[in-house]
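K.L.:
If you scroll down you'll find the structure; I have some questions about it.
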Amino acid sequence: QVTGVDLTAGVPVTIDASAQGHAAPSIKVQVQVAAPVLSLVGVDSSRSVGQARDDFYVLVSKPAGGTGSQVAAADMPINTAVVDATPAGLIDGIYSAATGGVVVTQVVIPVGSSNSTVGSGWTYIGTPSAAGTYRVSASATGMATVTSPVVTVSAPALQFNRTTDVVG
């Protein structure tokens, strides 16, 4: 966890070391400092009308090409929202609990953590009220907004488990 440094705009910086009585390393470390990215984890790709709330969380990680997650150096408030809902009002909000709870517009990734489950617990997308589509977004100061793929909500349907039968 490093704070107080500038991004290197994709240009590697060489790190060397020295200590009295020791030879310098023959291979230097090349480091790039890049802005972390947000990810939405656990957002379902399809749901049904009336289905229970969908749990998800927000993760902060290294950008493409990096491995592993990042750790917040300070509490990170993350704004969350249901966006691009068709029809409007398809989802009534994002909640703090699987049942009950309150509508939330923000979760927190606490200092020393990489995801919002530690600070805010799981977050829940409301129950769909009709067939349609929506997406979920997350944003934080100084970071690019992340938006989920489209979530498709289907109307419940009845179907027979047989196409023919003999009665009598």
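Values quoted throughout were computed directly from the atomic coordinates according to the rules given, and no laboratory measurement underlies them. The model shown is predicted, which means the values in this text are computed figures rather than measured ones.
K.L.:
With each run of n ≥ 4 DSSP H residues scored as -39500 (n - 2.57), what mean residue ellipticity at 222 nm is computed for the chain after dividing by its residue count and rounding to the nearest 500 deg cm²/dmol?
P.N.:
On the way: 1 runs with 4 residues, N = 168.
Helix contribution divided over all residues of the chain: -500 deg cm²/dmol.
K.L.:
Counting only C-alpha contacts under 8 Å and six or more residues apart, can you give the relative contact order of the chain as a whole percent?
P.N.:
On the way: 369 pairs, mean separation 40.7, N = 168.
So the answer I get is 24 percent.
K.L.:
DSSP beta bridges in the chain, what fraction antiparallel, as a percent rounded to 5?
P.N.:
DSSP beta bridges in the chain are roughly 90 percent antiparallel.
K.L.:
Okay, next question. Ratio of alpha-carbon Rg to the 2.2 N^0.38 Å globular estimate for the chain, to two decimals, please.
P.N.:
1.49
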